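A short write-up of the structure that comes next.
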Amino acid sequence: MAETIRLYRAPLILPVAAPPLCDGAVLTADGRVRAVGPYPEVRRLAETLPVATEVDYEGHVLIPALVNAHCHLELSGLAFLSRQWQPAPGDITGWIRRLLAAREERPADPDAALLALARLFAGGCRTVLDIGNEPGSAAIGRQFKVEVFFYLELLGFSGAAQEAALVRLAEQPAELCCTGHAPYSTGPELFRALKKRAAAASCRLPVHVAESVAEEEFLAHGGGPLRDFLQERGLDLAAYRPPGCSAVAWLDRLGLLDEQTICVHGVQVSREDIARLAARRAGVCLCPGSNRYLGVGRAPLPAYLEAGIMPALGTDSQASNHGFSLWHEMKVLREDHPEVEPATVLAMATMAGARLLGRESETGVIAPGVASALPAVVCPDAASGPEKVLEYLTTAGEDIRLEWIE
Ligand SMILES: [Zn+2]
């Protein structure tokens, strides 16, 4: 059967892995990018092929598909939490209490997860790392041509809770990726077992780490609001000896930090922590929208970039974020760090996420071989050059409108 070959022309193309192209074109064949470059050049190549269609995307900019490197789709039905209630700045235990109470009252809503994925897809995202308690999001994702990498989250900090989590872990099918929650909710034995399993199955290990001052306080001294919270949840902490170090240092001591581990949030980190993450080549995913909602602080993005780490971006759940879109994350990040180049922010939402998930040969950039599903973003100033367009893309938030090219 003959290949379906298409030629797409746009006043601006941002391949991300390569410099911007004014009056550029993308040539696609059977769902893959065949070539990307200046229009006259790609047009000449297209003339040697039986091109089925040529589409002129005037007033649009073509960009790589976005990657949501951290979210919890099953909490989508609890979006009312972030809409109706604002925690005191940094009161993470207050928020967790509310979340747990809301979960007890309302069972997970699969329709809300479906709508959340539809919303991500409509916003230009086709790759998602989803963490939850019930697998199923991967199947939902196929309805929107969204690749969902699901991770089952296990909690068990110590004693019987950790033992039970280890038993549950051993019962999971080999093909299911599993992960822990955070250093204050996942014990050392469970973390080590999860790491061993992830390495054997070539899974990533996404872990919430250094999200709040409360977490750092608990690990450093064993006290603070997280201690009260865990005791309230029935944990016996009488024999607990805190590691006496930062969350990042604790994960390193447990042997968790390497290229397969994704440190999510990374807000309360020191220069030493960042140097440690860089030395271990650990992945980092920032969730600026969620961090802002919870008031836990801003991740030190310039320090990460200086250390050679380009973090990916995640929305986290709708229960802890006023927005639910990578465009919202980019906007918040620009507001938090006006000194960071807009091109870097777009690269974080695309290429960095794809790399973190090991999908860089499939998505996150516009280059020969990647999937040809690319967002064509409506941008009246598309012909006015990359600087103006990048400014718009990274500050417009959820006002962005786009369609997918195939
Ligand atoms: Zn999360």
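The values are calculated or read from the model by the stated rules, or taken from the named source; none is laboratory data. Remember, it's a predicted structure, so these values are computed and weren't measured experimentally. Positions of Cβ are backbone-derived with ideal geometry, glycine not excepted, and every protein chain shown enters the neighbour counts. Surface accessibility is based on the protein's heavy atoms, side chains included, excluding ligands, DNA and RNA. Shrake-Rupley method; radii C 1.70, N 1.55, O 1.52, S 1.80 Å.
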With Cα springs under 10 Å, the Gaussian network model of the chain assigns the largest mean-square fluctuation among Ala200, Ala249, Ala382 to Ala200
Roughly how compact is the range 66-356, stated as its Cα Rg over 2.2 N^0.38 Å to two decimals? 0.93
For every helix of n ≥ 4 consecutive DSSP H residues, a contribution of -39,500 (n - 2.57) applies; sum these over the chain, divide by its total residues, and give [θ] at 222 nm rounded to the nearest 500 deg cm²/dmol. -10000 deg cm²/dmol
For the range 66-356, averaging the sequence separation of alpha carbon pairs under 8 Å that lie six or more residues apart and dividing by its residue count, the contact order in percent is 23 percent
Suppose the chain between Ala164 and Thr344 were pulled fully straight at 0.36 nm per residue; how much longer would it get relative to their current alpha carbon spacing? 60.5 nm
Out of Pro380, Pro38, Pro15, a Gaussian network model of the chain with alpha-carbon springs under 10 Å gives the largest mean-square fluctuation to Pro380
What trypsin sites (Lys or Arg not before Pro) does the range 274-377 have in DSSP loop regions with at most 16 other beta carbons within 10 Å? Arg281, Arg298
Taking protein heavy atoms only, a 1.4 Å probe, and rounding to whole percent, the accessible area of the chain owed to carbon and sulfur comes out at 52 percent
In the range 167-274, taking the dipole from +1 charges on Lys and Arg beta carbons and -1 charges on Asp and Glu beta carbons about the Cα centre, the listed residue (Ala174, Pro225, Cys203) farthest towards the positive end is Ala174
Based on alpha-carbon centroids, what's the gap between the range 165-234 and the range 338-359 in Å, whole number please? 27 Å
Can you pull the accessible area of Phe80 for me, 1.4 Å probe, Å² to the nearest 10? 40 Å²
Rolling a 1.4 Å sphere over the protein heavy atoms, what is the accessible area per residue of the range 66-356, to the nearest Å²? 39 Å²
How much accessible surface area, in Å² rounded to 10, belongs to the heavy atoms of Lys145 with a 1.4 Å probe? 130 Å²
If pairing requires two Cys Cβ atoms under 4.7 Å apart, which cysteines of the chain are left without a partner? Cys22, Cys71, Cys125, Cys178, Cys245, Cys263, Cys285, Cys287, Cys379
